[in-house]
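Peer 1: I'd like to ask some things about the structure below.
The values are calculated or read from the model by the stated rules, or taken from the named source; none is laboratory data. The structure displayed is predicted, hence computed values, not measured ones. Here the Cβ positions follow ideal geometry from the backbone for every residue, glycine too, while neighbour counts run over all protein chains shown. For accessibility, only protein heavy atoms count, side chains too; no ligands or nucleic acids. Shrake-Rupley method; radii C 1.70, N 1.55, O 1.52, S 1.80 Å.
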Amino acid sequence: TNGERETHTPPGRAVAHVVWDYFRNGCSVRLLNPQTFFRSVWKLNSVLAEFFNSFVGANVYLTPAGTQGFAPHFDDIEAFVLQLEGKKRWRVY
């Protein structure tokens, strides 16, 4: 809001109608460790971990159209980005 990042992490479990309400109001939704819930992600992580001989993790981000999930930043890890749907202008430096 007004160029400031807000984090909404209510206590307890995520409830679908609350999550979708945040999303409809312009918030990004982040799912940590999707491999816990999706075997296909677990298998992909497993293959990549063996190939790179390194720890591999995953997150899922769902950002409403016309909004930005994160301000420009850098990660202190090696990251692969796999966009599955929609369109976005990525700037990678």
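Peer 1: Any residue in segment 64-90 that's among the polar types (S, T, N, Q): show its pairings with residues that are modelled with pLDDT of 85 or more at Cβ separation under 7 Å, as long as the two are six or more apart or on different chains.
Peer 2: The qualifying pairs are T67/G26.
Residue-wise test of (1) part of a loop (DSSP other than H, G, I, E, B); (2) surrounded by fewer than 10 Cβ atoms within 10 Å (Cβ to Cβ).
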site: V47; (1), (2): no, no
site: F51; (1), (2): no, yes
site: V56; (1), (2): yes, no
site: V60; (1), (2): no, no
site: T67; (1), (2): yes, no
site: D75; (1), (2): yes, yes
site: Q83; (1), (2): yes, yes
site: W90; (1), (2): yes, yes
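Peer 1: A further question on this structure: Hey, among the residues in segment 15-33 that are under 17 Å from the mean Cα position of the chain (by Cα) and open to solvent by 90 Å² or more (accessible area, probe 1.4 Å), which one's modelled with the lowest pLDDT?
Peer 2: So the residue we want is R30.
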